[in-house]
Amino acid sequence: MAVEKEQRLEAWLTSYGDAVLRMCYVYLADRHLAQDAVQDTFLKVWHHMDRFEGRNEASEKTWIMRIAINTCKDYRRSAWFKHVDLAKALEDMPLAAPDTTEESRALFMDVMRLPDKLKQVILLYHFHNLTMAQTADALRISRQAVQYRLKKAYQLLGDLPERSVRDE
């Protein structure tokens with residue numbers, strides 16, 4: 001049983017580790033804090049893996065992302081975090097594309113300035129390519145709330161490239 005659990009955790013680390021690292025970096029704007037948050041996230045995943053087994057039709061990616069978001073929120077509440085510069089350059093983001101354009105850099109910084117509730121849906125839906133249903137599940141909100149927050153974020157950001165609605 002323990003071997004099977006280890007193999008599953010290893011598969012999840014391989015499949016979702018980079019996405020969790022990017023998500024944590026976006027929340028924390030510090031590479032070392034993000035790496036610590038990823039370790040804490042997967043430690044929590046390990047400890048609560050049995051609880052996930054009982055969730056019918058839940059996506060493992062959304063479950064792991066939810067744990068990562070909560071871990072980052074805990075980090076952001078700490079007194080030390082208040083001294084972190086949130087205006088980091090996009091090139092510092094782990095695994096960022098080397099050919100990032102000035103326009104995408106500016107858009108990323110605009111997204112970073114959004115209120116957390118709006119930033120979360122943009123990051124999960126656009127950057128991590130979750131469906132609206134998966135985004136709703138990860139944030140523990142309704143699908144309608146996701147749609148509303150996306151619409152509000154689009155208004156604040158201006159026009160974003162249109163994307164077909166994914167709701168597999």
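Out of the stretch 101-131, which residues are charged (D, E, K, R) and either modelled with pLDDT of 80 or more or not in a helix (DSSP H, G or I) (or both)?
Of everything in the stretch 101-131, those that are charged (D, E, K, R) and either modelled with pLDDT of 80 or more or not in a helix (DSSP H, G or I) (or both) turn out to be D110, R113, D116, K117, K119.
State yes or no: is E91 at pLDDT below 60, acidic (D, E), over 18 Å from L28 (Cα atoms) and surrounded by fewer than 18 Cβ atoms within 10 Å (Cβ to Cβ)?
no
Looking at E10 and the list (1) surrounded by 15 or more Cβ atoms within 10 Å (Cβ to Cβ); (2) acidic (D, E); (3) modelled with pLDDT of 85 or more, which single condition is not satisfied?
Looking at each condition in turn, E10 falls short on (1).
Of all the residues that make up the stretch 1-19, how many are closer than 22 Å to Q35 by Cβ and assigned to a loop (DSSP other than H, G, I, E, B)?
Counting residues in the stretch 1-19 that are closer than 22 Å to Q35 by Cβ and assigned to a loop (DSSP other than H, G, I, E, B) gives 0.
The values are calculated or read from the model by the stated rules, or taken from the named source; none is laboratory data. No experiment lies behind these values; they were computed from the predicted model shown. Quick reminder, even Gly has a Cβ in these numbers, built from the backbone with ideal geometry, and neighbours come from all protein chains shown.
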